[in-house]
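K.L.:
Structure provided below as structure tokens; questions to follow.
The values are calculated or read from the model by the stated rules, or taken from the named source; none is laboratory data. As the structure is a prediction and not an experimental result, all values here were calculated from the model. Cβ coordinates were reconstructed from backbone atoms using ideal geometry, including for glycine residues, and neighbour counts include every protein chain displayed. These area figures cover heavy atoms from the full protein model, side chains too; ligands, DNA and RNA do not enter into them. Shrake-Rupley method; radii C 1.70, N 1.55, O 1.52, S 1.80 Å.
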Amino acid sequence: MGVVDQINIMEPNAVQGFDCIIESQLPIGAGISSSAALECGMAKGLNELFGIGLTDEQIISLSRNAEHSFVGTKCGVMDQFAVVKGKENRVLFLDCKTEKHKVIGAKFAPYLVLLLNTNVSHNLANSEYNVRIEECGLALQKIASKYPNYKFLADVPQNIVEEFKSEIPEKIFNRALFVSQENNRVHNSVSALNNELLDEFGELMCASHNGLQNLYEVSCPELDFLVDFSKRYNAILGSRMMGGGFGGCTINIIHQDFVDEYLEIVSEAYMDRFNIGLSPILVEIGDGVEVIKQK
């Protein structure tokens, strides 16, 4: 409904009556952008059905706005961007301020991308996401009072963030520190992928989870257990939580020859620790949303 509403704001009366069947194999609440897939898929389908003429950028924007206005989650644009602009065996380097992006090569072989679904959802992701937005806003407000040239927290260097350690509450400081460090990790990850340094990329993934766990505080015991468990094995280069947190999946870069053995080991350990079954999802990086023509 939010997508239809947003299309009608952009192009009044463009959407007429229609029938729609939705079928999905994406687990809801697993942090793998099921909401963005639904939004962008619906927008793409209506665009084709009624010949509205929306651009990819408009589909991305209206899908995000549907999240804001109908769901109440003040999300960014990353998920929608990946769903629409994704390219096979590539990753996107996205500047969320300008919405400009570059396509980066992702030569992971002989490693694969394995998701491990914790099958837990602590129902905090949406509400706490908005709290994090507020906390980051408070941090930026304080920093900008001294350095007005900074308009976005991600642009603030770590050394400047650290100037305010004694001036703002610890929690607010930690949020700002995480954002600054994570932004640096993104740039370093692009460099690692461009230079096919998968070990370095994996280390950055683990460092990212550490920040999400301890500074941004959006992880949970189940996710932390899986990330820590992965560090025991050299065949796994990196692991971190994905999505809004408080449950959902970890994403792991794992050697193709170790997948079956690891799934047996980690599933047993996870069951012993939490008495919950673990759901593995082997994924490939594919193209974004597209029209499938009927034969």
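K.L.:
Could you list, in sequence order, the residues of region 125-150 that are out of contact with any helix residue (DSSP H, G or I) (no Cβ under 6 Å at 6 or more places or on another chain) and either closer than 19 Å to Gly243 by Cα or modelled with pLDDT under 95 (or both)?
P.N.:
Ala125, Asn126, Ser127, Glu128, Tyr129, Asn130, Val131, Arg132, Ile133, Glu134
K.L.:
Any residue in region 29-41 that is at negative phi, β-branched (Val, Ile, Thr) and at pLDDT 95 or above?
P.N.:
No, because not a single residue in region 29-41 is at negative phi, β-branched (Val, Ile, Thr) and at pLDDT 95 or above.
K.L.:
Testing Ile168 on (1) outside any helix (DSSP H, G or I); (2) in contact with a strand residue (DSSP E or B) (Cβ under 7 Å, 6 or more places away or on another chain), one condition comes back false. Which one is that?
P.N.:
(2)
K.L.:
Please pick out the residue among Lys85, Lys97, Lys44 that is out of contact with any Cys (no Cβ under 9 Å at 6 or more places or on another chain) and open to solvent by 70 Å² or more (accessible area, probe 1.4 Å).
P.N.:
Criteria check complete, one pass: Lys97.
K.L.:
Say whether the condition of being among the small types (Gly, Ala, Ser), under 18 Å from Asn174 (Cα atoms) and free of Cβ contacts under 8 Å to residues at least 40 places away in the same chain is met by at least one residue in region 219-238.
P.N.:
Checking region 219-238: at least one residue is among the small types (Gly, Ala, Ser), under 18 Å from Asn174 (Cα atoms) and free of Cβ contacts under 8 Å to residues at least 40 places away in the same chain.
K.L.:
Could you list, in sequence order, the residues of region 70-80 that are open to solvent by less than 40 Å² (accessible area, probe 1.4 Å), under 11 Å from the mean Cα position of the chain (by Cα) and modelled with pLDDT under 95?
P.N.:
Passing the criteria: Cys75, Gly76, Val77.
K.L.:
Related question: Take Cys96 and decide whether it is touching a helix residue (DSSP H, G or I) at 6+ places or on another chain (Cβ under 7 Å), closer than 28 Å to Gly29 by Cα, of a type outside the set (Val, Ile, Thr) and modelled with pLDDT under 95.
P.N.:
yes
K.L.:
Ok, one more. Pick from Asp199, Asp224: which is charged (D, E, K, R), in a helix (DSSP H, G or I) and in contact with a helix residue (DSSP H, G or I) (Cβ under 7 Å, 6 or more places away or on another chain)? Let's see the steps before the verdict.
P.N.:
Values: Asp199 fails: in contact with a helix residue (DSSP H, G or I) (Cβ under 7 Å, 6 or more places away or on another chain).
Matching residue, one of Asp199, Asp224: Asp224.
K.L.:
Here is a further query. Quick one: how many residues across region 204-240 are over 13 Å from Val266 (Cα atoms), in contact with a strand residue (DSSP E or B) (Cβ under 9 Å, 6 or more places away or on another chain) and among the aliphatic types (A, V, I, L, M)?
P.N.:
7
K.L.:
Here is a follow-up. Out of all the residues in region 177-192, which are small (Gly, Ala, Ser) and surrounded by fewer than 17 Cβ atoms within 10 Å (Cβ to Cβ)? Show your work before the answer.
P.N.:
Keep residues of region 177-192 that are small (Gly, Ala, Ser), which gives 180, 189, 191-192.
Ser191, the sole residue that qualifies.
K.L.:
Scan region 141-159 for residues that are open to solvent by less than 60 Å² (accessible area, probe 1.4 Å) and farther than 24 Å from Val218 by Cα and report the count.
P.N.:
Residues meeting the conditions: 3.
K.L.:
Would you pick out the residues in region 275-291 that are among the β-branched types (Val, Ile, Thr) and either closer than 28 Å to Leu54 by Cβ or part of a loop (DSSP other than H, G, I, E, B) (or both)?
P.N.:
Listed by number, the residues that qualify are Ile276, Val283, Ile285, Val289, Val291.
K.L.:
If a residue has to be in a helix (DSSP H, G or I) and either open to solvent by 10 Å² or more (accessible area, probe 1.4 Å) or in contact with a Gly (Cβ under 8 Å, 6 or more places away or on another chain) (or both) to count, how many in region 202-221 make the cut? So that I can check it myself, show each step before the final result.
P.N.:
Filtering region 202-221 for residues in a helix (DSSP H, G or I) gives 202-214, 221.
Remaining after also requiring either open to solvent by 10 Å² or more (accessible area, probe 1.4 Å) or in contact with a Gly (Cβ under 8 Å, 6 or more places away or on another chain) (or both): 202-207, 210, 212-214, 221.
Number satisfying all stated conditions: 11.
K.L.:
Scanning for something touching a Leu at 6+ places or on another chain (Cβ under 6 Å), of a type in the set (Phe, Trp, Tyr) and modelled with pLDDT of 95 or more, does region 261-279 turn up at least one residue?
P.N.:
Yes - at least one qualifying residue is present in region 261-279.
K.L.:
Moving on. So is Ile254 in contact with a strand residue (DSSP E or B) (Cβ under 6 Å, 6 or more places away or on another chain), among the aliphatic types (A, V, I, L, M) and either open to solvent by 80 Å² or more (accessible area, probe 1.4 Å) or under 25 Å from Ser33 (Cα atoms) (or both) or not?
P.N.:
So Ile254 passes the test.
K.L.:
Could you check, for region 16-28, whether at least one of its residues is in contact with a Lys or Arg (Cβ under 9 Å, 6 or more places away or on another chain), surrounded by fewer than 18 Cβ atoms within 10 Å (Cβ to Cβ) and over 23 Å from Lys293 (Cβ atoms)?
P.N.:
So far as region 16-28 goes, no, none of its residues is in contact with a Lys or Arg (Cβ under 9 Å, 6 or more places away or on another chain), surrounded by fewer than 18 Cβ atoms within 10 Å (Cβ to Cβ) and over 23 Å from Lys293 (Cβ atoms).
K.L.:
Sticking with this one: Tell me the residue from Glu57, Glu67 that is under 28 Å from Glu284 (Cα atoms) and surrounded by fewer than 19 Cβ atoms within 10 Å (Cβ to Cβ), please.
P.N.:
When all the criteria are applied, what remains is Glu57.
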